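The values are calculated or read from the model by the stated rules, or taken from the named source; none is laboratory data. All of these numbers come straight from a predicted model, not from anything done at the bench. Here the Cβ is made from the backbone with ideal geometry for all residues, glycine too, and neighbour counts use every protein chain on show. In case anyone asks, the SASA skips ligands and DNA or RNA and just uses the protein heavy atoms, side chains included. Shrake-Rupley method; radii C 1.70, N 1.55, O 1.52, S 1.80 Å.
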Amino acid sequence: GTWVTFGSQISDEMAENLMTVAYENGVNLFDTAEVYASGRAEITLGNIIKKKGWRRSSFVVTTKIYWGGQAETERGLSRKHIIEGLRGSLSRLQLDYVDIVFANRNDVNSPMEGLMFSGVCVSVGFAEVVRAMTFVINQGMAMYWGTSRWSAMEIMEAYSVARQFNLIPPVCEQAEYHYFQRDKVEVQLPELYHKIGVGAMTWSPLACGLITGKYSDGVPECSRAAMKGYQWLKERVYSEEGRRQLAKIKELHLLADRLGCTAAQLAIAWCLRSEGVSSVLLGVSNTDQLLENLGALRVLSQMTPQTVSEMDALLGNKPHSKKESRA
């Protein structure tokens, strides 16, 4: 993932080092968005890909459309911005196509009232998004499209529109997922995964660094919570809920020690073990962090039902599905 880091927190040289180490260690998906560092993240990513000369068929690039420029017409999920926004992203990335283009949150300004088409009631806003996404795929600008931070109901609506009008449905949802954000990925998305095949690409497995324990004694100067524009994260660390979470994290650190791994590796392996999770996006600022995070793959085999149950008991927040609730 390139949020916060590429084109902002880290140098282009470090970004290249990270991508090189990632690629050489089997990472084949690089995620970005038009809004990251006001487009600079896409430029940095594109420059590195061009310089490395990797076969385009050997990796996946995903980007997200919603927040573009300052003008009203340069943001949102109108047909105009989806098409023009993606063209802008491709130009910055210096690519002919992206593998997945994501609708980065649902557009609250899109008209969502229902209209009747051939006796079928359909939401205008969803129809416009699905038609525009189908267009960019048919034009060869993207292979697939997905959603980011959409509710299960909104994803199902988009799928229904696609099926009704012979358009292309979304294949993936990007969702926040970590110890303290579980309900959507563990309860809502598995239902979509089984019904319509929508997978989950999750982000923030370390809860913006909270899970690593770096904020246990306050906010370090070089941390994300100390950066300009991240006051919300600083407030979260010092909040009552934040203190409760840090107490649970200390207990999970002891479990990690027992399993012979780091707290970060345990948290990432815990995310990967969840049904329907296709990939976990990592946000790192140096190669040591990246190599540590990739070590989570070795921990995955230790995510036994017994270990997961122990972690659930420590966290005390396991969400219950509707079936379990009825039982």
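The calculated FRET efficiency for the pair SER11 and SER91, based on their C-beta separation and a Förster distance of 30 Å, comes to about 0.85.
Using a probe radius of 1.4 angstrom, the carbon and sulfur fraction of the accessible surface of the stretch 26-96 is 48%.
Name the residues of the stretch 1-44 whose amide N is less than 18 Å from a point 7 angstrom out from the Cα of LEU246 along the C-beta direction? Nothing falls inside the zone, counting backbone N under 18 Å. Available extension along the chain between LYS80 and ASN25 is 15.9 nm, counting 0.36 nm per residue and deducting the alpha carbon span.
Given an 8 Å cut-off on Cα distances and at least 6 residues of separation, report the relative contact order of the chain as a percent. It rounds to 13 percent for the chain. Between SER57 and ALA313, residue separation times 0.36 nm minus the direct Cα-Cα distance comes to 87.8 nm. May I ask you to give the solvent-accessible area per residue for the chain, in square angstrom, as obtained with a 1.4 angstrom probe? Averaged over the residues of the chain, the accessible area is 48 Å². Every helix of 4 or more DSSP H residues in the chain counts as -39500 (n - 2.57), and over all residues that averages to -13000 deg cm²/dmol at 222 nm. Carbon and sulfur atoms: what percent of the 1.4 Å accessible area of the stretch 241-308 do they account for? It is 51 percent, rounded to a whole number. Counting only DSSP beta bridges whose two residues both lie in the chain, roughly 20 percent are antiparallel. At 20 Å minimum axial length over the Cα atoms and a Kyte-Doolittle cut of -0.5, report the qualifying DSSP H helices in the chain, or say none. The answer, listed by residue number, is 79-93, 124-138.
Residue ranges 284-297, 44-57, 165-178 sort as 165-178, 284-297, 44-57 when ordered by packing (mean number of other C-beta atoms within 10 Å per residue, highest first). A full extension of the chain between GLN70 and LEU259 corresponds to an added length of 63.1 nm, given 0.36 nm per residue minus the alpha carbon distance. The separation of the stretch 285-320 from the stretch 144-210, counted between C-alpha centres, amounts to 21 Å.
Based on the Kirkwood approach, the hydrodynamic radius assigned to the chain is 20.9 Å, with every pair of different Cα atoms included.
With 28 Å as the limit, the listed pairs LYS195/LYS318; LYS64/LYS195; LYS64/LYS248; LYS184/LYS250 have LYS64/LYS248 beyond it between alpha carbons.
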